[in-house]
Amino acid sequence: MSKRGPESRRPGTVPPRLYGLALVLLVLLVYGQTLSFDFVKLDDQQYVTENEHVLQGLSPASIRWAFDPSGYAANWHPLVWLSLMLDVELYGTWPGGFHLTAVLLHAANTLLLVALLGRLTGETGKSFVVAGLFAVHPLHVESVAWVTERKDMLSTFFGLLSLTSYAHFLNGHRPAWYLAAWFCLLFSLMSKQMFVTLPCLLLLLDFWPLQRMTSTVTTRSLLRLIGEKAPFAALSAVFCFVALWTQTVGEAVQSWERIPLDRRLSNAVVSYVMYLSQTFWPVNLAVFYPYSPTARSWWEVAACLVLLAGITAGAWLQRQRRPYLLTGWLWYLGTLLPVIGIIQVGDQARADRYMYFPLVGVLIAATWLTADVIRWCFQSPRVAPVFAAVVLMVSSALAWNQTRYWRNSISLFTHTLQVTDDNWLAHATLAAALMDAPEQSREAERHLRESLRIRPNNPIAHYNLALVLSDQGDLAQANSHFRQALVLKPDHFRARLLLCLNLKRLGQREELADELARFDALPMSLPAEVRSALDTLRSP
């Protein structure tokens with residue numbers, strides 16, 4: 001590895017420590033507000049507020065559970081669970097504590113990124129701009145402000161440590177640094193399997209900025225470079241299997257019948273362009289983008305393919321004069337590939353959180369290219385810093401405003417409905433938040449009915465609508481929705497229990513006896529409070 005860092009600081013340049021301080025202040029400026037935010041009613045229940053294992057803190061039993069190979073919430077990420085348990089030890093159930101940890105991790109990732117890029121390229125100013133945009137880009141708000149996305153914070157933290165350790169290894173070829181890089185990748189993959197593409201990224205960095213893969217490289221040298229990454233590739237292969245297995249067992253992977261391959265491919269092509277568009281024009285961001293119920297038009301997919309192919313060809317043609325374009329562009333395409341939707345996990349068409357690390361590639365290409373253009377167009381060295389300052393100020397303002405929506409579930413999903421169409425999940429989750437206030441019962445009912453109009457086969461929406469109707473005294477209609485929830489999810493024991501309670505209130509004894517009998521067929525152990533309620537229902 002060539003030593004590309006600045007040998008000494010020139011008079012008038014900014015000390016690196018001031019760069020780091022400025023980056024931390026940017027993070028605090030945008031995300032400091034989250035310390036007063038609440039949890040949201042989207043997966044935060046599974047991860048914290050209703051997770052009995054996490055709420056135990058770092059007990060021996062909860063630690064064993066964290067490493068359970070069967071996984072939980074369709075994922076195996078023990079370090080995430082340990083991190084959240086540590087938060088419980090430190091802050092109890094105060095939401096601000098969980099948000100504080102996320103802010104600190106994001107600040108740490110930002111500092112790691114600027115140090116890594118500065119070390120690899122020797123370009124401190126450009127590295128600062130990339131890290132600054134990483135710190136305050138609106139696409140990153142979801143990852144930082146959503147407690148559930150602790151996995152983004154941790155996986156990137158260890159992933160950047162792995163890259164940094166590898167850079168140190170190349171500088172001195174000390175085996176300890178190589179081993180540290182491997183273990184940091186292991187920890188990253190134990191937080192989220194996003195960095196399975198890291199071996200390919202290391203090869204990309206060999207091309208630029210490390211310049212270990214030039215046009216004169218021999219086959220033997222190329223094989224040696226590939227061999228260096230083999231232990232990392234083996235680790236990534238193992239965790240590809242882990243991710244696929246846990247998400248399949250957790251029923252998070254969508255079937256090919258529900259979303260055929262052609263729809264997945266067309267959505268992937270359009271998503272690549274949408275992510276790119278929102279990088280440079282980050283407006284109308286949402287926590288959930290619903291998958292289109294119909295196939296995308298051929299002309300939309302064709303136009304996106306032409307654009308992606310054109311950018312790829314341009315970056316390839318400029319690989320000698322501007323090698324950063326090819327590295328940045330392939331960084332974006334490659335690191336986003338695991339979550340682009342070929343293996344479709346969940347119901348979203350795309351997600352802002354998926355851009356937490358892939359965005360860096362686009363920022364590298366755009367920053368270095370902009371610096372070249374400014375240098376070519378203007379003679380003054382002051383133009384580039386002023387332009388960078390303006391861009392950072394605008395991005396900070398947009399990110400600060402986007403962060404505001406995460407204050408609570410009502411503000412978040414009200415905004416989501418304003419910027420998306422036919423969003424069944426946003427309607428259902430907003431209704432769940434409104435259900436906490438009895439005076440909002442009618443509004444919650446309206447959103448639940450709209451959610452079911454868009455997606456009639458959602459058992460949770462049927463269950464919540466039945467709860468609302470029960471509270472309103474409409475027991476017959478409530479029972480109808482309890483039954484629909486049970487058709488879609490036969491093991492929903494709470495829906496069956498509340499159905500039984502309503503049947504008893506209505507005096508329908510025969511139907512009550514039938515429903516009580518069905519509890520015996522459930523292949524699960526019931527909570528103590530449910531068993532107690534059943535004993536009461538069975539008593540004369």
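The values are calculated or read from the model by the stated rules, or taken from the named source; none is laboratory data. Everything numeric in this text was worked out from a predicted model, so none of it was measured. Here the Cβ positions follow ideal geometry from the backbone for every residue, glycine too, while neighbour counts run over all protein chains shown.
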*Search result, residues across region 53-85 that are under 17 Å from Gln247 (Cα atoms), surrounded by 20 or more Cβ atoms within 10 Å (Cβ to Cβ) and among the small types (Gly, Ala, Ser)*: Ala66
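If only one of Tyr31, Tyr19, Tyr47 is modelled with pLDDT under 95 and aromatic (Phe, Trp, Tyr), which one is it? Spell out the reasoning first.
On the way: Tyr31 fails: modelled with pLDDT under 95; Tyr47 fails: modelled with pLDDT under 95.
The conditions single out Tyr19.
Quick check on my filter: what residues within region 466-483 are touching a residue at least 24 places away in the same chain (Cβ under 8 Å) and either of a type in the set (A, V, I, L, M) or touching a Phe, Trp or Tyr at 6+ places or on another chain (Cβ under 9 Å) (or both)? Give the steps one after another, and end with the answer.
From region 466-483, those touching a residue at least 24 places away in the same chain (Cβ under 8 Å) are 466-472, 475-476, 478-479; that's our starting set.
Within region 466-483, Ala466, Leu467, Val468, Leu469, Ser470, Leu475, Ala476, Ala478 meet the criteria.
May I ask you to verify whether Ala135 is more than 17 Å from the chain's Cα centre (by Cα), in a helix (DSSP H, G or I), among the aliphatic types (A, V, I, L, M) and modelled with pLDDT of 95 or more? Don't jump to the end; show me each part of the working.
Values: more than 17 Å from the chain's Cα centre (by Cα): no; in a helix (DSSP H, G or I): yes; among the aliphatic types (A, V, I, L, M): yes; modelled with pLDDT of 95 or more: yes.
Considered against the rule, which asks whether it is more than 17 Å from the chain's Cα centre (by Cα), in a helix (DSSP H, G or I), among the aliphatic types (A, V, I, L, M) and modelled with pLDDT of 95 or more, Ala135 comes out as no.
Looking at Leu488, Leu522, which is the one that is within 24 Å of Leu448 (Cβ to Cβ) and of a type in the set (A, V, I, L, M, F, W, C)? So that I can check it myself, show each step before the final result.
Details: Leu522 fails: within 24 Å of Leu448 (Cβ to Cβ).
None of the other options fit; the residue is Leu488.
With respect to Leu186, determine if the residue is in the same structural domain as Trp76 (by TED's automatic domain parsing), surrounded by fewer than 20 Cβ atoms within 10 Å (Cβ to Cβ) and touching a residue at least 40 places away in the same chain (Cβ under 8 Å). Quick ask: steps written out before the conclusion?
Values: in the same structural domain as Trp76 (by TED's automatic domain parsing): yes; surrounded by fewer than 20 Cβ atoms within 10 Å (Cβ to Cβ): yes; touching a residue at least 40 places away in the same chain (Cβ under 8 Å): yes.
Taking the combined requirement at face value, the residue satisfies it.
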*asked:* Scan region 171-189 and tell me whether some residue there is over 27 Å from Arg321 (Cα atoms), in contact with a Cys (Cβ under 9 Å, 6 or more places away or on another chain) and at pLDDT 95 or above.
replied: no
*Working only within region 265-295, note down all residues that are part of a helix (DSSP H, G or I), without any contact (Cβ under 8 Å) to a residue 60 or more places away in the chain and among the small types (Gly, Ala, Ser).*
Ser266, Ser277
